[in-house]
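Notes follow once the structure below has been shown.
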Amino acid sequence: MSVSSCICYRTDFASLKAIADASGGGLQELHAATGCGSRCGLCIPYIRAMLLTGMVELPPMLPNDFKKLGIRCSTLERLVTQLESRGEPVTHDAEAAARLTDSPALRLDQPAQNT
């Protein structure tokens, strides 16, 4: 399983990457052009990760996985907290997330970006 789109606006990350590559823009420009990130907000850390890594299919990740990439994701943190408080299991592919977040090609010495 992978995360490859903004489900609210039915826009795949490959399309978003093409827009970003063509315009040189970032998250704000993608949001203005497509609306992505303005409804539930869960795609925002994934879009940031896509912009950082160039990957258009990302593993499901939890807040700590994003933090390793220098990305904060308050919306996802709130969702995980709510699920855990109800006793619902919160799982993800830890190995796939580790392969992404532990990549030596990524520079992790930048401050976390807030979402």
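No value in this document is a laboratory result; all are computed from the given coordinates. All of these numbers come straight from a predicted model, not from anything done at the bench. Glycine also receives a Cβ, built like all others from the backbone with ideal geometry; neighbour counts cover every protein chain displayed.
Database remark: amide H of Ser5 closer than 5 angstrom to the amide H of Phe13 (H placed geometrically; neighbours at sequence offset of 5 or more, or on other chains; Pro and chain starts carry no H). Residues within the reach of a label modelled at Tyr9 (point 7 angstrom out along Cα to beta-carbon, backbone nitrogen below 16 Å), restricted to region 51-72, are 51.
Taking the fewest neighbouring Cβ atoms within 10 Å as the starting point, the ordered list for Ile71, Ile19, Ile7 is Ile7, Ile19, Ile71.
On full extension, the segment bounded by Asn64 and His92 gains 8.9 nm, given 0.36 nm per residue less the C-alpha separation.
Applied to region 41-58, the Karplus parametrisation 6.51 cos²θ - 1.76 cosθ + 1.60 on θ = phi - 60° returns per-residue 3J(HN,Hα) values of x, 5, 7, 4, x, 5, 5, 4, 5, 4, 5, 6, 9, x, 7, 9, 10, 10 Hz, with x for Gly and Pro.
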